[in-house]
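Before any comments, here is the structure.
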Ligand code: E4P
């Protein structure tokens, strides 16, 4: 399973890359806005900077909602760097755009997916990735992980090549369950990835190892004086 980092923050991307566990980046218009980046040229440069930091796919989302402008924006985004994946929402025009891009070899990430039916359509249209949002379903008291299980079994039934990119991750459990289900990629903030590191027995064990080491060093030093 690959790990993508879900942010447009260059420091976080740099930090995640230095851990050696990051395979790509996902962004969305909210994450770009959070960094205070405005204007087409600045946004283009920001994507270039992200691509220079990570050797892997970088999702960049179109803003347009009509087919013609989605295509224009998507072609501009994909020309920025070979690792750019054009992110397209699952709408009627989005579906047309996904299929247009697929025919031209432009890789896509179909976003804002909240049902198995939407994921089925995205795969039929030739999306490279499909992004089901787990946390936002949990937020409205629906089981986000059930959607992931459904999409996995549908894609396996028909051997669709579309990769499942589990998004909107809220907890370490989401990540581990996604790995058990067999998604292709999980995208989440650095803090969620780092939460996988935590276990109280690791902290207690490390403290004990270090204190035993310290005591034996002190005993050896006392004997030699
Ligand atoms: C995925 O591509 C989205 O950018 C992201 O995972 C959404 O997460 P959120 O629901 O925490 O905003």
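Could you identify the single residue in 83, 42 that is out of contact with any strand residue (DSSP E or B) (no Cβ under 9 Å at 6 or more places or on another chain) and over 21 Å from residue 121 (Cα atoms)?
Checking each option against the conditions leaves just 42.
So which of 50, 63, 5 ends up being without any contact (Cβ under 8 Å) to a residue 60 or more places away in the chain and crowded, with 22+ Cβ neighbours inside 10 Å?
When all the criteria are applied, what remains is 50.
Just name the residue that is surrounded by the most Cβ atoms within 10 Å (Cβ to Cβ) out of those in region 30-43 that are within 15 Å of the ligand (Cβ to nearest atom) and over 18 Å from residue 165 (Cα atoms).
By that ranking, first place goes to 32.
Within 20 Å of residue 155 (Cα to Cα) and under 18 Å from the mean Cα position of the chain (by Cα): is that true of residue 102 in this structure?
Here the answer is no, as residue 102 does not meet what is asked.
Just the residues that are farther than 18 Å from residue 61 by Cα and out of contact with any helix residue (DSSP H, G or I) (no Cβ under 9 Å at 6 or more places or on another chain), please, taken from region 82-117.
Result: 103, 117.
Would you tally the residues in region 99-111 being outside any loop (DSSP other than H, G, I, E, B) and either within 15 Å of the ligand (Cβ to nearest atom) or at pLDDT below 95 (or both)?
Matching residues across region 99-111 total 4.
How about region 142-154: which of its residues are farther than 14 Å from residue 173 by Cβ and touching a strand residue (DSSP E or B) at 6+ places or on another chain (Cβ under 7 Å)?
147, 151, 152
For residue 182, indicate whether it is under 29 Å from residue 100 (Cα atoms), in contact (Cβ under 8 Å) with a residue 12 or more places away in the chain and surrounded by fewer than 19 Cβ atoms within 10 Å (Cβ to Cβ).
Yes; evaluated as a whole, the condition is true for this residue.
Cβ-Cβ below 6 Å, separation at least six or inter-chain, first residue in region 160-174 and more than 15 Å from residue 147 (Cα to Cα), second crowded, with 18+ Cβ neighbours inside 10 Å: which pairs?
From residues that are more than 15 Å from residue 147 (Cα to Cα), the pairs are 160/123; 162/123; 162/127; 162/130.
The values are calculated or read from the model by the stated rules, or taken from the named source; none is laboratory data. Quick caveat: nothing in here was measured; it's all calculated off a predicted structure. Here Cβ is always computed from backbone atoms with ideal geometry, including for glycine, and neighbour counts include all displayed protein chains.
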